[in-house]
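This report concerns only the one structure given below.
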Amino acid sequence: MSTQELVNALEWRYATKRFDANKKIPAEVWNALERALVLTPTSYGLQPYRFIILTDLEKRAELLAHSWNQQQVVDCSHYIVMTARTKIAEADVDNWIQRLAQIRKVPAEQLAAYRGMMVGDVVHGSRGKVSHEWAARQVYIALGNLMTSAAVLGVDTCPMEGIVPHEYDRVLGLSDSGYATAVACAVGYRAENDKYAALPKARFDTAELVRKI
């Protein structure tokens, strides 16, 4: 795509307030968005999160009461609950090392120094003391990647921080899973009567936000 097409897609997107409940994302488009989530870059490549895709309307209706009754939860095509690791253990690092060795066709022992770096940082180091907060920051990278990818494909999104995470955890049975809700995102197609779609996009000037040295 051209540079202008990219900018146009980002100008077009907004935090959709009203979704058309009758419009569903085609399977091939959804598969691409799922792949965009999987391809999100993370620190060390550890991917300390899991994404719960909710298409079940009964479960989404149950979450509505814990989402400030925002209708996006039930009206969108796909509702994603993004969960982050509550704690990073050496076993998580080892799991990633094994996967990396498999994909790159190298002995796991060859990655020992890399393993030691990760364990020293996200398990026993400073980041290990704030595991969930650190993992949640990785989740937000995935959220941004998803919203940009969706905009390029002409799909609407609404990031959802107006939720009660511990109630989401209860409804979704996450209590002993090692993951906890960080944020959610509604994905689908805007309703024709969403007045917010026509509002001009308001941002500070580039010169105020970007410093060049």
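The values are calculated or read from the model by the stated rules, or taken from the named source; none is laboratory data. This is a predicted model, so every value here is computed, not measured. Note that we place each Cβ from the backbone using ideal geometry, even for glycine, and neighbour counts take in every protein chain shown.
Structure data summary
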read-out: Cross-chain or 6+ apart pairs with Cβ under 8 Å, the range 164-193 first and part of a helix (DSSP H, G or I) and hydrophobic (A, V, I, L, M, F, W, C), then at pLDDT 95 or above and crowded, with 20+ Cβ neighbours inside 10 Å; value: V171/L63
read-out: Close pairs (6 angstrom Cβ cut-off, 6 or more residues apart or separate chains): at positive phi in the range 35-56, crowded, with 16+ Cβ neighbours inside 10 Å anywhere; value: Y44/M118
read-out: Failed item in (1) small (G, A, S); (2) at pLDDT below 95; (3) within 22 Å of W30 (Cα to Cα), with A184 passing the rest; value: (2)
read-out: Among (1) buried (at least 17 other Cβ atoms within 10 Å of the Cβ); (2) farther than 19 Å from R18 by Cα - the single one L63 does not satisfy; value: (2)
read-out: Residue list for the range 66-96, filter: within 16 Å of A136 (Cα to Cα) and either touching a Cys at 6+ places or on another chain (Cβ under 6 Å) or free of Cβ contacts under 8 Å to residues at least 24 places away in the same chain (or both); value: I80
read-out: Filter pass, Q70 being in a loop (DSSP other than H, G, I, E, B) and under 15 Å from the mean Cα position of the chain (by Cα); value: no
read-out: Members of the range 153-182 found to be buried (at least 21 other Cβ atoms within 10 Å of the Cβ) and either of a type in the set (A, V, I, L, M, F, W, C) or in contact with a helix residue (DSSP H, G or I) (Cβ under 6 Å, 6 or more places away or on another chain) (or both), listed by number; value: V155, T157, C158, M160, T181, A182
read-out: Residue within the range 108-130 that is out of contact with any helix residue (DSSP H, G or I) (no Cβ under 9 Å at 6 or more places or on another chain), of a type outside the set (G, A, S) and surrounded by 20 or more Cβ atoms within 10 Å (Cβ to Cβ) present; value: no
